[in-house]
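Below is one structure, written out as structure tokens; the observations come after it.
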């Protein structure tokens with residue numbers, strides 16, 4: 001009978017310094033010579049990581065009250081619009097929100113500016129009330145003057161993602177980067193065998209309450225991410241072959257680092273935020289050992305034509321092929337390029353490994369598991385009747 005471990009047992013080994021921790025890349029190499037039963041005996045935790053553009057991100061900010069006070073009904077930070085429908089001086093700034101006068105500067109840049117200790121111009125307007133009489137304020141804020149500064153990202157760390165190509169005769173600009181005409185390049189995301197949700201594809205250890213590496217500090221998985229989809233087709237290794245499930249995450253931005261949270265502008269598309277996420281996977285049994293042993297040759301994803309309506313599927317490739325620099329589509333060799341950083345993901349996995357080894361981080365059992373058998377609905381256009 002193969003060994004079965006508990007969270008409590010693994011955390012005790014962490015505290016005593018006896019836990020064996022490997023990155024997902026390291027355990028994938030071990031699996032070439034060791035069985036899942038042998039791996040569960042030898043390894044306690046596997047660290048996973050990703051660093052890529054995650055548009056569904058943003059920050060909750062509490063500015064504090066001015067004197068006289070204002071109930072902010074329109075808010076701008078360095079010209080970027082913030083959501084004002086929370087409370088008098090609470091706001092949410094989305095990573096992809098843009099300054100109307102500068103499309104290359106957006107919410108992600110505001111977040112990074114604050115994170116780096118820079119001053120940011122806050123301007124807000126209101127109609128004025130008896131308890132909040134002020135109608136306008138213009139001042140500067142920074143990370144030390146604001147109260148809460150919370151990263152709250154509704155959809156991060158996609159469980160796999162598609163490869164983007166362009167079969168048309170003109171260049172197109174997308175969130176997957178610039179796609180050259182006539183399929184002259186292919187772009188892809190995620191960190192392959194190092195990617196968090198690919199190492200626990202059935203979400204046995206990742207759920208609400210899972211403690212994670214987020215932007216350079218400890219954060220948490222707080223909910224299934226938006227567009228959480230477990231109904232996507234899977235390959236023989238149980239891996240979805242296109243973008244599937246996601247996670248919603250939260251953490252204290254005042255403790256984060258701009259090294260692992262970086263603003264970006266995609267030419268003629270818009271602003272996004274590169275987010276660093278690392279998740280420790282406890283090796284509870286042989287099945288989990290088998291899951292984390294997945295390697296790039298066993299992870300497949302779909303090639304989609306971003307130049308055609310409906311983004312039709314053109315084929316399926318492995319991450320081993322993608323990492324080689326070229327893939328074959330309809331017999332043609334196409335150059336590949338990542339839009340996420342594998343080197344930064346490796347650094348996150350190693351950093352998380354160090355936190356675990358030094359006792360600065362422990363694994364947490366989810367307080368609630370994610371739903372199963374979920375699917376997505378598309379937006380249907382209906383006729384709107386006018387009175």
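Each value in this text was obtained by applying a stated rule to the coordinates, not by laboratory testing. Because the structure is predicted, anything quoted here is derived from the model rather than measured. So basically every Cβ, Gly included, is an ideal-geometry build from the backbone, and we count neighbours across all protein chains shown.
Just a few scattered comments:
- Label-point separation, residue 18 to residue 332 (7 Å along Cα→Cβ), nm: 5.9
- Seen through its C-alpha gyration tensor, with square-root eigenvalues sorted a ≥ b ≥ c, the range 214-340 comes out oblate because a/c lies at 1.5 or above while a/b is not bigger than b/c.
- Look at the alpha carbon pairs under 8 Å that are at least 6 residues apart: their mean separation over the length of the chain gives a relative contact order of 24 percent.
- Cα-projected label distance for residue 226 with residue 202, points at 7 Å along beta-carbon direction, nm: 3.1
- When only Cα pairs below 8 angstrom with a gap of at least 6 residues are kept, the range 1-95 shows a relative contact order of 23 percent.
- Put a dot 7 Å past the Cα of residue 66, heading toward its Cβ, do the same for residue 373, and the two dots end up 5.4 nm apart.
- Residue-averaged 222 nm ellipticity for the chain, from DSSP H runs of 4+ at -39500 (n - 2.57), nearest 500: -4500 deg cm²/dmol
- Here the gap between residue 255 and residue 148, fully extended at 0.36 nm per residue and compared with their Cα-Cα distance, gives a gain of 37.4 nm.
- Working from Cα pairs under 8 Å separated by at least six residues, relative contact order for the range 81-150 is 20 percent.
- When the square roots of the Cα gyration tensor eigenvalues are ordered a ≥ b ≥ c, the ratio a/c for the chain is 1.5 or more and a/b does not exceed b/c, which makes its shape oblate.
- Shape call, the range 64-146: gyration tensor on alpha carbons, a/c limit 1.5: prolate
- Centroid-to-centroid separation of the range 213-267 and the range 284-362 [C-alpha atoms, Å]: 14
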